[in-house]
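Down below is the structure, laid out as structure tokens.
The values are calculated or read from the model by the stated rules, or taken from the named source; none is laboratory data. Everything numeric here is computed off the predicted structure, so don't read it as measured data. Backbone-built Cβ (ideal geometry, glycine too); neighbour counts: all protein chains shown. Heavy atoms of the whole protein, side chains included, go into the accessibility calculation; ligands, DNA and RNA do not. Shrake-Rupley method; radii C 1.70, N 1.55, O 1.52, S 1.80 Å.
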Amino acid sequence: MVNQPPKLIYKGIIERFREYLPVTDKTPIVSLLEGHTPLIPSEYLSEKTGLKVYLKYEGLNPTGSFKDRGMTMAISKAKEEGSKAVMCASTGNTSASAAAYACRAGMKCIVLIPDGKIALGKLAQAMMHNADVIALKGNFDEALNMVKSITSQYPITLVNSLNPYRIEGQKTAAFEISYVLGDAPEFHAIPVGNAGNITAYWKGYKEYKQVGKNTQLPKMLGFQAEGAAPIVRKKIVEKPETIATAIRIGNPASWKQAEAARDESGGLIDMVTDEEILNAYKLLAQKDGVFVEPASAASVAGMLKLSEAGYFKNAQGARIACTLTGHGLKDPNIAIGNVKEPTVLDADLKVILKHIGF
Ligand code: F0G
């Protein structure tokens, strides 16, 4: 029938969780139908750890990372407030998401990225969505300081996770996990960079418990990269370095909130080496069929590290949700550089059959 309205069954995180979010009937909702990402059970990792492991695959959001949950809120509220331009510092994913949502809202988007240190896919996204991309000769922490200074003086809305609406949107991932499992899991593993996401999940879990949707809270297990682990080292890292460029951050904006999530939940924040990250990255791709970007694998790398150290020995059978923050296609160079190259063969049936073992 020609004139039937489209059946929009799912309308994005704001509509789904409206009662838990600071929006009103007047808020113009800018959405790409983000959220509602799968919670994939991992048989392989469950067997390896003795836990029930679930992978929250946030790479399946519209721009390929969890940032979209926060960005639908930040951009909708910016539009409600009449803002014409938004700005962020980014290791890549925030800029991709901000650029996409700003386009949809008809706003200008300016992004500051560390020159040469963002993954190719993310750069392509920000450029394709027509952001004003400034490659800063400096790192993320320096970029964020610039953005804070500019947005506090000029009429441009900051959409880094210092913007409280970002955290509000991102907390919905904890709601979704709780909904699927019927309660909060016993543990939640998550990569930590600027520390907004661990803050958001913890807020989400607490709110669901307050309203009686959950009976328990998870222990929050956050993981930084060894070369960018200020919270673990209790000290700003001036020159952070890691292969996981998304979390190459030396002075996280939500440092205190991350510590609060850790301490209130009885969890921990630890670090994993680049080697451990790459190992988990490959295991996820090759055992579970889940392709994530390197930073995302920090949650699984951390869980495996703790498992090997006996951390879960009295918690066998407990549920753990691991957030996989971004899609593997974001960073094709790391993927191609770390696995076997394609075999180049002549277009000859015999040669190909021989190669595949016949
Ligand atoms: N994983 C990915 C893929 C990320 O892009 C980020 C952060 C994190 C984990 C860490 O999350 O900062 O909330 O602790 N990326 C930001 C960006 C910094 O600019 O895209 P966090």
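Below, the figures for the structure above:
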{"item": "Rounded percent of accessible protein surface that carbon and sulfur make up, the range 262-358, 1.4 Å probe", "result": "55 percent"}
{"item": "Sulfur and carbon atoms: percent of accessible area, the range 1-130 [1.4 Å]", "result": "55 percent"}
{"item": "Euclidean distance of C-alpha centroids, the range 2-16 and the range 35-99, integer Å", "result": "21 Å"}
{"item": "Two-site label geometry, LEU353 and GLU308: point separation in nm, points 7 Å out along Cα→Cβ", "result": "4.4 nm"}
{"item": "Total charge dipole magnitude, the range 5-148, about the Cα centre, Cβ charges on Lys, Arg, Asp, Glu only, Debye to nearest 20", "result": "200 debye"}
{"item": "Lys, Arg +1 and Asp, Glu -1 on Cβ, resulting dipole of the range 86-231 about Cα centre, debye, nearest 20", "result": "240 debye"}
{"item": "Solvent-accessible area, 1.4 Å probe, carbon plus sulfur percent, for the range 149-198", "result": "58 percent"}
{"item": "PHE66 - accessible surface, heavy atoms, 1.4 Å probe, Å² rounded to 10", "result": "20 Å²"}
{"item": "Dipole magnitude of the chain, debye to nearest 20 (Cβ charges: Lys/Arg +1, Asp/Glu -1, about Cα centre)", "result": "560 debye"}
{"item": "For the chain, alpha-carbon Rg over 2.2 N^0.38 Å", "result": "1.00"}
{"item": "DSSP-assigned coil residues among GluC sites (Glu not before Pro) in the range 217-291, each with at most 13 further Cβ atoms within 10 Å", "result": "GLU238"}
{"item": "Kirkwood hydrodynamic radius over Cα pairs of the range 132-216, then Stokes diffusion coefficient at 10 °C and 1.306 mPa s, in µm²/s", "result": "107 µm²/s"}
{"item": "Cβ-based charge dipole, the chain, positive-most Cα from MET73, ILE236, LEU304", "result": "MET73"}
{"item": "Solvent accessible area, Å² - HIS355, 1.4 Å probe, full protein context", "result": "100 Å²"}
{"item": "Hull shadow area, averaged, the range 56-101 [alpha-carbon convex hull, nm²]", "result": "3.2 nm²"}
{"item": "Accessible area expressed per residue, the chain, with surrounding protein chains retained (probe 1.4 Å, Å²)", "result": "46 Å²"}
{"item": "Set of aspartates and glutamates near LYS305 by C-alpha distance (under 14 Å), chain-local residues within fewer than 8 positions excluded", "result": "GLU226, ASP270, ASP274, GLU275, GLU276"}
{"item": "Entries in LYS282/LYS340; LYS67/LYS203; LYS7/LYS84 that, when Cα-Cα distance is taken, lie over 21 Å", "result": "LYS7/LYS84"}
{"item": "Helical contribution to [θ] at 222 nm, DSSP H n ≥ 4, -39,500 (n - 2.57), averaged over the chain, rounded to 500", "result": "-12000 deg cm²/dmol"}
{"item": "Packing-based ranking, highest mean first, of 142-148, 202-208, 69-75, 88-94 given that Cβ atoms within 10 Å are counted", "result": "69-75, 88-94, 202-208, 142-148"}
{"item": "Exposure of ASP25 as accessible area (Å², to 10), given a probe of 1.4 Å and all protein chains", "result": "150 Å²"}
{"item": "Net charge, SER97 excluded, C-beta distance under 13 Å - Lys, Arg +1, Asp, Glu -1", "result": "+3"}
{"item": "Separation of alpha-carbon centers, the range 332-358 and the range 291-331, rounded to whole Å", "result": "30 Å"}
{"item": "For MET128, net neighbour charge (Lys/Arg +1, Asp/Glu -1) across residues whose Cβ lies under 14 Å away", "result": "+2"}
{"item": "Dipole of the range 1-108, positive direction: furthest Cα of ALA100, PRO41, SER83, with charges on the beta-carbon", "result": "SER83"}
{"item": "Charge tally in the Cβ shell below 14 Å around GLU186, where Lys, Arg are +1 and Asp, Glu are -1, GLU186 excluded", "result": "+4"}
